[in-house]
Amino acid sequence: QVQLVESGGGLVQPGGSLRLSCAASGTIFSIYAMGWYRQAPGKQREFVAVINNVGATRYADSVKGRFTLSRDIAKNSVYLQMNNLKHEDTAVYYCNTGWSTPGSWGQGTQVTVSS
């Protein structure tokens, strides 16, 4: 099994930045990709970004140009740099191990964009 632990959420003003981290442990040899989903109040969970073992990335159209996903293979971690945050980015952000479909989930970290 894979365990995922997220950190880095918080409250930020519109236009601000946050960096989320996700660290994996357990059967990490089985992990092909790591990334993020998010779920806003009253909405379905949606894909945000993912990176695979050869460094390829995919992003949701809503975050392209504002969010950047990177990884540290030695630390079994991924990082989501979120810039120019908007009110609509407010959500619980979940780390995930899937590339095309969701895999293992973390517990989530809250991101609130508010003035």
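Just a few scattered comments:
- Neighbours of Leu18, meaning other residues whose beta-carbon lies under 13 angstrom from its beta-carbon, give a summed charge of +2 when Lys and Arg score +1 and Asp and Glu score -1.
- Beta-bridge orientation, the chain: approximately 90 percent antiparallel, per DSSP, counting only bridges with both partners inside.
- Distance between the range 26-68 and the range 71-115 - C-alpha centres, whole angstrom: 7
- Over the chain, accessible surface divided per residue gives 52 Å², non-protein components excluded, 1.4 Å probe.
- For Glu88, the accessible area of its heavy atoms, probed at 1.4 Å with every protein chain present, is near 120 square angstrom.
- Taking Arg19, Arg45 and ordering them by how much accessible surface each has at a 1.4 Å probe, largest first, produces Arg19, Arg45.
- GNM remark for the chain: springs join alpha carbons under 10 Å apart, and the peak mean-square fluctuation among Ala60, Ala33, Ala24 falls on Ala60.
- For chymotrypsin sites (Phe, Trp or Tyr not before Pro), the sites in the range 1-104 that DSSP calls loop and that have at most 16 other Cβ atoms within 10 Å are Tyr32.
- Across all Cα atoms of the chain, the radius of gyration (one decimal) and Dmax (whole number) stand at 13.1, 42 Å.
- For the chain, the carbon plus sulfur part of the accessible surface works out to 50%, probe radius 1.4 Å.
- If you take all other residues with their beta carbon under 13 Å from the beta carbon of Ser77, and give Lys and Arg +1 and Asp and Glu -1, the sum is +1.
- Placing +1 on the Cβ of every Lys and Arg and -1 on the Cβ of every Asp and Glu, with nothing else charged, gives the chain a dipole about its Cα centre of roughly 100 debye.
- Length-normalised contact order for the chain - Cα pairs under 8 Å, 6+ apart - percent: 37
- Here the range 38-82 is treated with +1 on each Lys and Arg Cβ and -1 on each Asp and Glu Cβ, and its dipole about the Cα centre works out to around 80 debye.
The values are calculated or read from the model by the stated rules, or taken from the named source; none is laboratory data. All of these numbers come straight from a predicted model, not from anything done at the bench. Methodologically, a virtual Cβ is constructed for each residue, glycine included, from the backbone with ideal geometry; neighbour enumeration extends over all protein chains shown. The protein model used for the area step is the full one, side chains on, heavy atoms only, and it has no ligands, DNA or RNA in it. Shrake-Rupley method; radii C 1.70, N 1.55, O 1.52, S 1.80 Å.
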